[in-house]
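Notes to accompany the following structure.
The values are calculated or read from the model by the stated rules, or taken from the named source; none is laboratory data. Since the model is a prediction, treat every value here as computed from it, not as a measurement. FYI the Cβ positions are ideal-geometry reconstructions off the backbone, even for glycines, and counts take in every protein chain you see.
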């Protein structure tokens with residue numbers, strides 16, 4: 001059964017992890033927030049997904065920049081500086097004796113309310129900051145065999161409804177897209193923008209390769225992905241033609257390669273979209289043989305970039 005790009009290998013060490021809540025550490029079974037917390041009541045908050053690699057956290061400054069920018073967009077005070085948050089993050093990682101193969105969910109909500117109501121003025125506590133580090137490695141079969149996508153009817157909407165650039169806790173549109181894709185037997189949902197052009201997937205960013213060129217969406221209807229941005233940067237730094245542009249499913253179905261990007265798994269090849277095999281036209285009658293040459297090249301470049309740009313305490 002398809003399980004998406006976050007399919008991972010279960011690790012028994014996760015039963016004993018320590019979780020940071022507002023700077024205090026709690027065992028997994030004892031880590032709790034109030035039922036009056038803004039995140040629980042309304043999904044009012046912002047978050048980041050991070051990875052720990054070889055003793056450091058790649059692109060941490062970019063993640064923090066997006067986190068604090070998102071907080072400003074919803075007029076939420078995180079309450080501590082980026083330097084203080086960085087110290088809190090590494091204190092949690094060090095308390096768990098973690099150094100590699102770790103996925104981290106960093107969540108910030110507006111705080112505790114006096115009553116279940118959306119108005120921020122009934123919030124009576126500082127922001128709630130939760131850090132959950134887990135030992136998580138991507139399922140190698142996904143990286144080798146590729147994933148399947150299904151184009152869902154759920155659209156990435158206009159910014160005057162809910163700005164899709166905001167990495168908020170309110171992810172219901174992505175959840176409904178994920179459900180629709182799962183019901184269709186796919187790993188993830190491919191989501192279109194209001195004009196019918198390809199926007200992103202429900203939890204990853206989408207790329208295609210056509211005649212030696214790398215294409216991704218305009219970025220107007222998706223969060224500013226850290227991995228997405230790094231892939232665009234790697235293409236430009238290595239003389240690979242790359243375009244952030246509007247393109248349709250016609251272009252996707254005729255692509256030579258496709259892949260998705262995300263902090264957790266890096267680059268994951270796409271083997272099919274809407275039942276159509278993604279491969280070079282001369283290979284259409286062959287069995288799908290894994291990631292194409294461009295996807296492999298960018299995966300290698302990205303792995304080296306993660307090592308060179310990891311923040312260490």
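Scanning segment 231-241 for residues that are surrounded by fewer than 19 Cβ atoms within 10 Å (Cβ to Cβ) and touching a strand residue (DSSP E or B) at 6+ places or on another chain (Cβ under 7 Å) gives 236, 240, 241. Per the conditions (1) farther than 26 Å from residue 62 by Cα; (2) in contact (Cβ under 8 Å) with a residue 24 or more places away in the chain, the sole criterion not satisfied by residue 277 is (2).
In this structure, residue 73 does not satisfy being under 21 Å from the mean Cα position of the chain (by Cα) and either at pLDDT below 95 or exposed (fewer than 14 other Cβ atoms within 10 Å of the Cβ) (or both).
Scanning segment 117-134 for residues that are touching a residue at least 24 places away in the same chain (Cβ under 8 Å), buried (at least 18 other Cβ atoms within 10 Å of the Cβ) and part of a helix (DSSP H, G or I) turns up nothing. List the residue pairs whose Cβ atoms are under 8 Å apart, where the first residue sits in segment 233-253 and is without any contact (Cβ under 8 Å) to a residue 12 or more places away in the chain, the second is surrounded by 13 or more Cβ atoms within 10 Å (Cβ to Cβ), and the two are 6 or more positions apart or on different chains. What qualifies is 236/242. The residue that is farthest from residue 37 (Cα to Cα), counting only those in segment 93-111 that are part of a loop (DSSP other than H, G, I, E, B) and in contact with a helix residue (DSSP H, G or I) (Cβ under 9 Å, 6 or more places away or on another chain), is 99. Within segment 208-230, being assigned to a loop (DSSP other than H, G, I, E, B) and in contact with a strand residue (DSSP E or B) (Cβ under 9 Å, 6 or more places away or on another chain) holds for 217, 218, 219, 220, 221, 222, 223, 225.
Considering 27, 32, the condition of being in the same structural domain as residue 119 (by TED's automatic domain parsing), surrounded by fewer than 21 Cβ atoms within 10 Å (Cβ to Cβ) and closer than 15 Å to residue 92 by Cβ is satisfied by 27 alone. Among the residues of segment 254-264, the ones that are crowded, with 16+ Cβ neighbours inside 10 Å and either assigned by TED's automatic domain parsing to the domain that holds residue 59 or under 21 Å from residue 195 (Cα atoms) (or both) come to 1 in all. Candidates are the residues of segment 137-155 that are in a loop (DSSP other than H, G, I, E, B) and modelled with pLDDT of 95 or more; the one that is surrounded by the most Cβ atoms within 10 Å (Cβ to Cβ) is 152. Among the residues of segment 39-69, just one is part of a strand (DSSP E or B) and at pLDDT below 95, namely 53.
A quick yes/no check of all residues on (1) more than 30 Å from residue 99 (Cα to Cα); (2) modelled with pLDDT of 95 or more:
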{"site": "239", "(1), (2)": "yes, yes"}
{"site": "250", "(1), (2)": "yes, yes"}
{"site": "261", "(1), (2)": "no, yes"}
{"site": "284", "(1), (2)": "yes, no"}
{"site": "297", "(1), (2)": "no, yes"}
{"site": "306", "(1), (2)": "no, yes"}
{"site": "310", "(1), (2)": "no, no"}
{"site": "313", "(1), (2)": "no, no"}
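For segment 22-38, the tally of residues that are part of a strand (DSSP E or B) and either over 13 Å from residue 132 (Cβ atoms) or in contact with a helix residue (DSSP H, G or I) (Cβ under 6 Å, 6 or more places away or on another chain) (or both) stands at 3.
Scanning segment 160-207 for residues that are free of Cβ contacts under 8 Å to residues at least 40 places away in the same chain, surrounded by fewer than 16 Cβ atoms within 10 Å (Cβ to Cβ) and outside any loop (DSSP other than H, G, I, E, B) gives 160, 161, 162, 175, 176, 179, 183.
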